[in-house]
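Visitor: One structure, as structure tokens, below. Some questions next.
The values are calculated or read from the model by the stated rules, or taken from the named source; none is laboratory data. Keep in mind it's a predicted model, so treat the numbers as computed, not measured. Counting neighbours? That spans all protein chains shown, and the Cβs are built from the backbone with ideal geometry, glycine included.
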Amino acid sequence: MNETSTKPYLLRALYEWCTDNGYTPYLAVVVDEYTRVPPEHVQDGQIVLNVGALATHNLVLGNEFIEFQARFGGVSRQISVPVGAVQAIYARETGQGMAFEVSATTEEVENESERPSLSAVPDTPEEDADASPNEAEASDEDAPDDSHPDNGGPPGSPKRPRLKIVK
């Protein structure tokens, strides 16, 4: 009998901690062939996603996948991330969180048929009247700051918290 990974439980616990403290939970994700995210927002094979209540709709933090709907540039998109592809979860405001070893496997994808399916969201603009109040517009201010010194930015920029992988 295979033991369930602790990773999805830790992700849910840290998500709850962030929201209980009024912080915005962010996920750092390594994008692979099983990750469904808008490709135009992927940088260097990674994407950072705001998974706060105001930025997501129908968020499901499952044992195998994290799924939700979010708006990117005004377009509602269906997001699906294998738990194994999550690199970190942290609070945007403080940088506090936890980093993980990335371990996306085909086993997770084989179990995809067992996961609950969410209704498909078209990749075309929708009427704003149909939008849920929980669906927030993704903005450039939520994007990673490329001008930071650790990201090749100018010296003297404020230091951004770095997460350490715990094994």
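Visitor: Can you tell me which condition Lys7 does not meet? The list is (1) under 14 Å from Ile89 (Cα atoms); (2) buried (at least 19 other Cβ atoms within 10 Å of the Cβ); (3) basic (Lys, Arg), and all the others hold.
Guide: Condition not satisfied by Lys7: (2).
Visitor: List pairs: first in region 75-99 and within 14 Å of Tyr15 (Cα to Cα) and charged (D, E, K, R), second modelled with pLDDT of 95 or more and assigned to a loop (DSSP other than H, G, I, E, B), Cβ under 7 Å, 6+ apart or cross-chain?
Guide: Every condition considered, the pairs that remain are Arg92/Tyr23; Arg92/Thr24; Glu93/Tyr23; Glu93/Thr24.
Visitor: Further question on the same structure: Could you check how many residues of region 54-77 are of a type in the set (S, T, N, Q), in contact with a Pro (Cβ under 9 Å, 6 or more places away or on another chain) and surrounded by fewer than 19 Cβ atoms within 10 Å (Cβ to Cβ)?
Guide: 1
Visitor: For the list (1) assigned to a loop (DSSP other than H, G, I, E, B); (2) surrounded by 15 or more Cβ atoms within 10 Å (Cβ to Cβ); (3) at pLDDT 95 or above, I need the number of the one condition that Trp17 fails.
Guide: Of (1) assigned to a loop (DSSP other than H, G, I, E, B); (2) surrounded by 15 or more Cβ atoms within 10 Å (Cβ to Cβ); (3) at pLDDT 95 or above, only one is false for Trp17: (1).
Visitor: Return the pairs, sorted by first residue and then second, in which the second residue is of a type in the set (Ser, Thr, Tyr) and buried (at least 19 other Cβ atoms within 10 Å of the Cβ), the first residue lies in region 20-45 and is free of Cβ contacts under 8 Å to residues at least 24 places away in the same chain and over 24 Å from Leu10 (Cα atoms), the beta carbons are less than 9 Å apart, and the residues are 6+ apart or on different chains.
Guide: These pairs meet every condition: Val42/Thr35.
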